[in-house]
Amino acid sequence: MMTENLYKVPESVLVENTNEVASFYVVSPRKFLILFIATFGLYTLYWFYEHWRQLKTRTKENIWPVPRAIFSIFFTHSLFRRIDKAAKVTGEAFSWSASGMATVYVLSEVVQNVCDRMSAKGFGSPYTDILGVLPIIFVGWSLFRAQKIANIACQDFQGSSNNRITLVNILWIVLGSVFWLLIIVGFYDLFIGIPEFS
């Protein structure tokens, strides 16, 4: 009969370190603003997709990043709460309201979509045309604030790991410039009128 070795070092159970750096999409403030403004907010779709994709990779949760990016207004509060919680774990000082910024984003998107639909049907034009564009300022502001907190959560405060403008970014900027041109031409035609040549 074998007896237990009293001098044997007890086996320990390895516990996953919960203090690891959080995994969210990191991007520098400068690059965020360039891509958001240049693409007239279309960057928002990619921004949400990347945050959810990286969360899925790290947490192994059953998250579908594409639908959460497309229907972002239904998942914004959840994402912002996760970012806020992860940033607080770092112990860094920051000031923002995750719920408040998420609400700003959602309301801005709703107003923008309603105005776009009204404008497309000719209701309230040109006022609905203008109101359809203005909410993008608040969309950008809320996402910019969330990105800064996400960078804190990932302990890359300036987003230096994703600061460089890549070739793909340049292609999106070019496409966004075409979109900007169409918007400017549309507003010019609406308020001044493009002369007809016979």
Quiz item: If you average the sequence gap of Cα pairs under 8 Å that are 6 or more apart and divide by the length of the chain, what percent do you get for the contact order?
Solution: 31 percent
Quiz prompt | Heavy-atom accessible area ranking, 1.4 Å probe, most first, across W47, W172 | solution = W172, W47
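Put S160, S78 in order of accessible area, largest first, 1.4 Å probe: what do you get?
Values: S160 85, S78 35 Å².
My answer, sorted largest first, is S160, S78.
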Self-check item: Ranked by how many other beta carbons lie within 10 Å on average, peptides 142-148, 28-34, 39-45 from highest
Solution: 142-148, 39-45, 28-34
Self-check item: the chain: Cα Rg divided by the 2.2 N^0.38 Å rule of thumb
Solution: 1.40
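What's the carbon and sulfur percent of the chain's accessible surface, probe 1.4 angstrom, rounded to a whole number? Walk me through the numbers before you get to the answer.
Values: 8570 of 13150 Å².
Answer for the chain is 65 percent, counting heavy atoms of protein chains only.
Considering only lysines 8 or more places apart in sequence, or on different chains, count the pairs in the chain whose C-alpha atoms sit under 17 Å apart. Write out the running numbers ahead of the final one.
Working: K31/K148; K56/K85; K85/K148; K88/K148.
Lysine pair count for the chain: 4.
Can you give the charge dipole size of the chain about its Cα centre, rounded to the nearest 20 debye, using +1 on the beta carbon of Lys and Arg and -1 on the beta carbon of Asp and Glu? All intermediate terms of the calculation are to be shown ahead of the outcome.
Working: 17 positive and 14 negative charges, 41 e Å.
So the magnitude is around 200 debye.
Largest first, what is the accessible-area ranking of H77, H51 with a 1.4 Å probe? Write down the numbers at each step before the final one.
On the way: H77 60, H51 0 Å².
Largest accessible area first, the residues go H77, H51.
Heavy-atom accessible area per residue, the chain, 1.4 Å probe: how many Å²?
66 Å²
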Quiz item: Which value at 222 nm does the chain reach when only helices count, each DSSP H run of 4 or more adding -39,500 (n - 2.57), with the total divided by all residues and rounded to the nearest 500 deg cm²/dmol?
Solution: -20000 deg cm²/dmol
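The values are calculated or read from the model by the stated rules, or taken from the named source; none is laboratory data. Predicted model only: the values in this text are computed from it and were never measured. Using ideal geometry, Cβ is built from the backbone for each residue, glycine included, and neighbour counts are taken over all protein chains shown. When the accessible area is computed, the model is the full protein with side chains, heavy atoms only, and any ligands, DNA or RNA have been set aside. Shrake-Rupley method; radii C 1.70, N 1.55, O 1.52, S 1.80 Å.
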